[in-house]
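Structure first, commentary second.
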Amino acid sequence: MYHFDWIARHAERTPDKLAMVDAHSGRQFTYAQLNERANRFASFLQDNLGIQQGDRVSILAQNSSDYYEVLFACGKMGAILNTLNWRLAVPELEYILNDSAPRVLLYEPAFAEAVDALRPQISCEVYVVMGEDAPDGEYTYEGALAAGNPQGVEMPLLTYNDTWAILYTSGTTGRPKGAQVTYGNFFYNAVGMGRAIDLTSEDVNLNVLPTFHAGGLGLYAGPVLHAGGTLVVMRTFEPGDFLRLMEEWKVTALLLVPSIYLVLAQYPDLDKYDLSAVRHWGSGGSSLPPSLVKEYAEKGIIIQQGFGMTETGPTVFIITEEDAVRKAGSVGKPVLHTDVCIMDREGNVLGPNEVGELCIRGGNVTTGYWNRPEATAEAIVEHPGLLGRWLHSGDAAMYDEEGFYYIVDRWKDMFISGGENVYPAEVENVIYHHPAVAEVAVIGVPHPRWQEVGRALVVLKEGQALEEAEIIEFCQGKLAKYKIPKSVVFVDALPRTAAGKVLKRELREMYGE
């Protein structure tokens, strides 16, 4: 056992401490039980299947305690976990699986149809069903655990730069990129966020963020487990169940996305639940409206806005409780062991109140993108006069005279819908395939629940006629539902620069309401 095996260390020191609760199934596991289950799956991978350090293990599943067992099992024997977004369409999953090339694919029965469609298109060797029954020649997850050694395997000598997980983020070119999340990234995130909100072994976190995201793995699940606390895992968000679990388990530390805070603010029975155990309310994923911060403050709930990226493990900023209302709209200051600066397009460091690109340096920054050396070189850059490698975030930001940072706008054209990143180029690439479409540009527009949704501005080919519904229907099955535009506007032409680039800013001004 080496120092990356947090679960084994807690099992050694506090074996009977409650580590994890699966709210969907009702199962509960102490650190000793969690460690044994992770040991067994690590042994199954290595001893029964011959999986070696660096081999990829993909998982297509919704939130459960099993998800974290698989994560820590991979960590124990050096395999790389590839988390799959279950909201994606089959062609999108096919690209990711062919890029990551896993030897093992775990999946829940709910996704069996998608997996059946994927089998002829990918080269995966072994399938494990996270359910009671499996097709011939496949394994069930519990069967795999039963076959594994409870003592686990001899952990390889790993370094901070070794990759523990690959999390794919959509690219502005329409091709997803696999961010390599290392053991060091997980560790520095646990330390940085843990110290920022003073996590201890007495804390209880309820996680409802998708586990295929950095948020679901790293906020606050990773830091809470690193501290030896208790993690309650909720499968999907439903406000009544969520509030019941908050009260039942006396949750102390919480991180949600703004769309959930918006839903809870409008939930009629919110005041009926005892939420007094919560000492920390965090928010991330997208900008939290200052008006909502103040609305919750009037209820006695102080929401601390933060900022992070898949490529940064994910935490970069979080504002203190003392400043959360006074500086509503700010993401605060950098967490421990993370450096930031604001650069202009020439790489010059900017001063207070100057808007530029947010750049990040530290142990929480990814080593790069899987199989994408060009994208890595573009995003992570060494600048003369600045020590180390700096990640260019793609976000426009600034800081004020007191050192509080603000995310001003997207440096690129990405928008966030219900906490999910949507990159217009990916959506545009699909719509361009419609035979009647000459040109298309996609922008984000405000939405009362999801904060933003897509709107497609479409130029038709001469002599063609289409209805809005036909464009939306064309996207079905080709894109995840949250990426599909919710409205379509037909226009005569798209505004462009002299170099031919579409002026998204003008489109947002004309059609962004």
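The values are calculated or read from the model by the stated rules, or taken from the named source; none is laboratory data. In this text the structure is predicted, and so the values were computed from the model without any measurement. Backbone-built Cβ (ideal geometry, glycine too); neighbour counts: all protein chains shown. The area values use the complete protein model at the heavy-atom level, side chains included, leaving out ligands, DNA and RNA. Shrake-Rupley method; radii C 1.70, N 1.55, O 1.52, S 1.80 Å.
Checking L225, L255, L217, L243 one by one, the residue that is outside any helix (DSSP H, G or I) and either open to solvent by 10 Å² or more (accessible area, probe 1.4 Å) or under 27 Å from R87 (Cα atoms) (or both) is L255 and no other. Restricting to region 320-353, and then to whatever is of a type in the set (D, E) and at pLDDT 95 or above, can you tell me which residue is surrounded by the most Cβ atoms within 10 Å (Cβ to Cβ)? That would be D323. The number of residues in region 365-408 that are in contact with a His (Cβ under 9 Å, 6 or more places away or on another chain) and modelled with pLDDT under 90 comes to 0.
Test M234 against the criterion of being buried (at least 17 other Cβ atoms within 10 Å of the Cβ), aliphatic (A, V, I, L, M) and out of contact with any Ser or Thr (no Cβ under 7 Å at 6 or more places or on another chain), and give yes or no. For M234, the condition - buried (at least 17 other Cβ atoms within 10 Å of the Cβ), aliphatic (A, V, I, L, M) and out of contact with any Ser or Thr (no Cβ under 7 Å at 6 or more places or on another chain) - is met.
Restricting attention to region 274-308 and to residues that are polar (S, T, N, Q) and within 18 Å of the chain's Cα centre (by Cα), the residue that is most open to solvent (accessible area, probe 1.4 Å) turns out to be S287. Residue-level analysis places I380 outside the set of residues that are open to solvent by less than 10 Å² (accessible area, probe 1.4 Å), closer than 30 Å to K327 by Cβ and not hydroxyl-bearing (S, T, Y). Of the residues F242, F187, the single one that is at pLDDT 95 or above, of a type outside the set (A, V, I, L, M) and under 22 Å from C74 (Cβ atoms) is F187. The set of residues in region 228-240 that are within 16 Å of the chain's Cα centre (by Cα) and part of a loop (DSSP other than H, G, I, E, B) comprises M234, R235, T236, F237. Of the residues making up region 341-384, those that are farther than 16 Å from T310 by Cα, of a type in the set (A, V, I, L, M, F, W, C) and part of a strand (DSSP E or B) number 5. Annotation for region 82-98: no member residue is touching a Pro at 6+ places or on another chain (Cβ under 9 Å), farther than 30 Å from V427 by Cα and not acidic (D, E).
For region 183-206, the set of residues classified as out of contact with any Pro (no Cβ under 7 Å at 6 or more places or on another chain), buried (at least 24 other Cβ atoms within 10 Å of the Cβ) and among the polar types (S, T, N, Q) consists of N185, N205, listed by residue number. Cβ-Cβ distances below 8 Å connect the following pairs, each with a first residue in region 140-151 that is over 14 Å from A38 (Cβ atoms), a second residue that is open to solvent by 70 Å² or more (accessible area, probe 1.4 Å) and assigned to a helix (DSSP H, G or I), and a separation of six or more residues or different chains: A147/N48. Looking across region 260-273 at every residue that is outside any loop (DSSP other than H, G, I, E, B) and open to solvent by 10 Å² or more (accessible area, probe 1.4 Å), the one that is nearest to Y188 (Cα to Cα) is identified as I260. For region 336-367, the tally of residues that are touching a helix residue (DSSP H, G or I) at 6+ places or on another chain (Cβ under 8 Å) and farther than 22 Å from V181 by Cα stands at 0.
Here the condition is being within 30 Å of R13 (Cβ to Cβ) and among the acidic types (D, E); of E247, E295, E322, E238, it holds for E247 alone.
All conditions but one from (1) surrounded by fewer than 22 Cβ atoms within 10 Å (Cβ to Cβ); (2) in a helix (DSSP H, G or I); (3) not small (G, A, S) apply to P150; the one that does not is (2). Quick one: V181 ticks every box in (1) assigned to a strand (DSSP E or B); (2) more than 20 Å from W370 (Cβ to Cβ) bar one, so which box is it? Status for V181: all satisfied but (2). Beta carbons closer than 6 Å, at least 6 apart along the sequence or on distinct chains, pair a first residue in region 286-300 that is assigned to a helix (DSSP H, G or I) with a second that is open to solvent by 40 Å² or more (accessible area, probe 1.4 Å) and of a type outside the set (S, T, N, Q) for A297/V325.
Name the single residue, out of those in region 409-432 being of a type in the set (A, V, I, L, M) and at pLDDT 80 or above, that is farthest from V502 (Cα to Cα). Here the answer is I416. Among the residues of region 331-360, the one identified as in contact with a Pro (Cβ under 9 Å, 6 or more places away or on another chain) and among the small types (G, A, S) is G347.
Cβ-Cβ under 8 Å, sequence separation 6+ or interchain: first residue in region 9-22 and closer than 16 Å to V232 by Cα and touching a residue at least 60 places away in the same chain (Cβ under 8 Å), partner of a type outside the set (V, I, T) and assigned to a loop (DSSP other than H, G, I, E, B). Which pairs? From region 9-22, the pairs are K17/S201; K17/G228; V21/R27; V21/W249; D22/S64.
Just one of the numbered conditions (1) assigned to a loop (DSSP other than H, G, I, E, B); (2) in contact with a Leu (Cβ under 8 Å, 6 or more places away or on another chain); (3) not polar (S, T, N, Q) is not true of L118: (1). Restrict the check to region 127-134 and report whether at least one residue is of a type in the set (A, V, I, L, M), in contact with a Leu (Cβ under 7 Å, 6 or more places away or on another chain) and buried (at least 18 other Cβ atoms within 10 Å of the Cβ). Checking region 127-134: at least one residue is of a type in the set (A, V, I, L, M), in contact with a Leu (Cβ under 7 Å, 6 or more places away or on another chain) and buried (at least 18 other Cβ atoms within 10 Å of the Cβ). Within region 456-513, the set of residues being assigned to a helix (DSSP H, G or I), of a type in the set (K, R) and touching a residue at least 24 places away in the same chain (Cβ under 8 Å) comprises K481, K483, K504, R508. Being part of a loop (DSSP other than H, G, I, E, B), touching a helix residue (DSSP H, G or I) at 6+ places or on another chain (Cβ under 9 Å), among the polar types (S, T, N, Q) and closer than 23 Å to K177 by Cβ, is that true of even one residue in region 320-327? No; the residues of region 320-327 include none that is part of a loop (DSSP other than H, G, I, E, B), touching a helix residue (DSSP H, G or I) at 6+ places or on another chain (Cβ under 9 Å), among the polar types (S, T, N, Q) and closer than 23 Å to K177 by Cβ.
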